[in-house]
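Okay, so here's the structure we're looking at.
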Amino acid sequence: MIKIEEQEKILLAISKALKKKAMAYAIGGTAMMFYGLKDATKDIDLVFESEEERDIFKEAAIAAGFESMDAITVYKNKKNRPEMVRTGEVRIDLFVNDIILFRFSGAMKERAKKAYQFGDRLLLKAADPHDIILLKCATDRAKDIEDAFNIIKNMKVDWNIIIEGAENQVKLGKDIALLDLGDFFERINKKEGNTVPARVLDRIYTLLLKQIKAKKKANKKG
Amino acid sequence: MKIIELLKALEGIQTIKSVMLLLNADKKKAIYYVHRLRKAGYVKTSGASNKTRVYHISLENRLQTQSYYDVINRYAPIGINPLEETRIYGKEITPEEAIVFAIKANSVRVIIAALALFRKIRDWALLSRLAKGELKRQVCALYDVAKTIMRVRKMPKRFKNTAAPHKEDKYAYIIPGLSSDNFKGIEKAWKVYLPLNKADLEDYR
């Protein structure tokens, strides 16, 4: 597990090896640590805006002592697998815009206001907690339910932002976003009690039905 | 209570009494909660005038980062509390960098607060490297404004000479659309529109 001080040292070491400036968005446990919602994370998840920036970062990570790693061992055959680098117990996942089943949208980028600069060349913006929850539903890990519950318990959550985020994902072509979100919230409620209000689940269900009807109509026409 | 829950519940400025009220705990328990947060690195302690201990509880204490506003607030007569800021790891922000940041921040309040930094500039060569072109003229113009209200470090002639505007240079705005009523002479000398008047500098008197 990587604690925040260790994360700082790693990112500083990489920033010193960077040949050009790079900017990325921190998601998952990394972002949660910037908000004080988590004490340690299993890996560092970063989303870049372009492959060029990711390559610059990856090159610097390798120069700083990391090794390239095959993402199939962790992500199996999932779409939009990241590039990965690791050293010892520390692993860094490098995505470009798409995170498996979700896209790091323009709205998410705007909401990422917390910024951290490492040295002179590396700028990280922490994803908004609402978007961290949304992105967590793309994975199947039990820890993610715990993380989402921690965010909901310790921060004031605007459910509309999360639902609109999922709707936005559907518009961006990620068809199962609403389904995943609803399922994720159901699992949270099953494990942690009535954390997500029933009206939120009802709204997701209504939107999902709408989506299904629209898809059926579109298939009939086609 | 988990550390994260404690942090979120007590984030901000607290005393033992306020902790007792917030968490509905007795004095012993309140002290214990603060002790746990301090052990995790989230607490900075200062003293109030009546010898009460004041605890600044924040995630940022543990992160040990710095922001440009921290440097500005260290010297400014009245501090700035920004809504958003970039925290910086792994390097010490110099007053020179903070001045350039303040000019680019596009805010009158930040510029007024940053005038105090002219008392702390030592590395004019660094400032010259950071502020190029019309930015250098803006630095010089603000330096002249700062000189009218406080004692400042002397600007080397070389810096001034390299910043001097040319005939073909146009007037530059520090903040688009804002110019001064009281500092026309400085504006003319540097071909820079200043976004402040004498009344804005009351905090320095």
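The residues of region B:158-191 that are surrounded by 12 or more Cβ atoms within 10 Å (Cβ to Cβ) and on the phi > 0 side of the Ramachandran plot amount to a single one, B:191. Could you tell me whether residue A:5 is within 13 Å of chain B (Cβ to nearest Cβ) and closer than 30 Å to residue A:156 by Cβ? So residue A:5 fits the description; yes. Looking across region A:78-120, the residues that are over 11 Å from the mean Cα position of the chain (by Cα), more than 14 Å from every other protein chain (Cβ to nearest Cβ) and among the acidic types (Asp, Glu) come down to A:83, A:89. Give the residue that is least open to solvent (accessible area, probe 1.4 Å), with candidates limited to residues of region A:85-118 that are within 30 Å of residue A:167 (Cβ to Cβ) and without any contact (Cβ under 8 Å) to a residue 24 or more places away in the chain. Here the answer is A:115. Please go through region A:18-30 and pick out each residue that is more than 13 Å from chain B (Cβ to nearest Cβ) and among the small types (Gly, Ala, Ser). Within region A:18-30, A:22, A:24, A:28 qualify.
If you go through region B:68-86 and keep only what is closer than 21 Å to residue A:112 by Cβ and modelled with pLDDT of 90 or more, you end up with B:68, B:69. Please work out which residue is most open to solvent (accessible area, probe 1.4 Å), limiting yourself to region B:1-54 and to residues that are more than 26 Å from residue A:152 (Cα to Cα) and in contact (Cβ under 8 Å) with a residue 40 or more places away in the chain. Here the answer is B:15.
When the test is whether a residue is touching a strand residue (DSSP E or B) at 6+ places or on another chain (Cβ under 8 Å) and assigned by TED's automatic domain parsing to the domain that holds residue B:82, residue B:191 passes it.
Only helices (runs of 4 or more DSSP H) whose full extent lies in region A:133-207 are considered here, and the ones with at least 1 residues that are farther than 30 Å from residue B:10 by Cα and open to solvent by 70 Å² or more (accessible area, probe 1.4 Å) are A:159-171, A:177-192. Beta carbons closer than 6 Å, at least 6 apart along the sequence or on distinct chains, pair a first residue in region B:171-192 that is free of Cβ contacts under 8 Å to residues at least 60 places away in the same chain with a second that is in a helix (DSSP H, G or I) and open to solvent by 40 Å² or more (accessible area, probe 1.4 Å) for B:172/B:134; B:182/B:198. Among the residues of region A:101-132, just one is part of a strand (DSSP E or B) and of a type in the set (Ser, Thr, Tyr), namely A:116. Within region A:30-52, being over 21 Å from residue B:85 (Cα atoms) and not in a loop (DSSP other than H, G, I, E, B) holds for A:40, A:41, A:44, A:45, A:51, A:52. Looking at this structure, is residue B:98 at negative phi and over 14 Å from the mean Cα position of the chain (by Cα)? When the stated conditions are applied, residue B:98 does not pass them. Got at least one residue in region A:123-139 being over 18 Å from residue A:29 (Cβ atoms) and of a type outside the set (D, E, K, R)? There is at least one residue in region A:123-139 that is over 18 Å from residue A:29 (Cβ atoms) and of a type outside the set (D, E, K, R). The residues of region A:1-29 that are in a loop (DSSP other than H, G, I, E, B) and either within 18 Å of residue A:117 (Cβ to Cβ) or basic (Lys, Arg) (or both), listed by number, are A:18, A:19, A:20, A:21.
The values are calculated or read from the model by the stated rules, or taken from the named source; none is laboratory data. For clarity, every value in this text was computed on a predicted model and none was experimentally measured. Glycine gets a Cβ as well: all are built from the backbone with ideal geometry, and neighbour counts include every protein chain shown. These area figures cover heavy atoms from the full protein model, side chains too; ligands, DNA and RNA do not enter into them. Shrake-Rupley method; radii C 1.70, N 1.55, O 1.52, S 1.80 Å.
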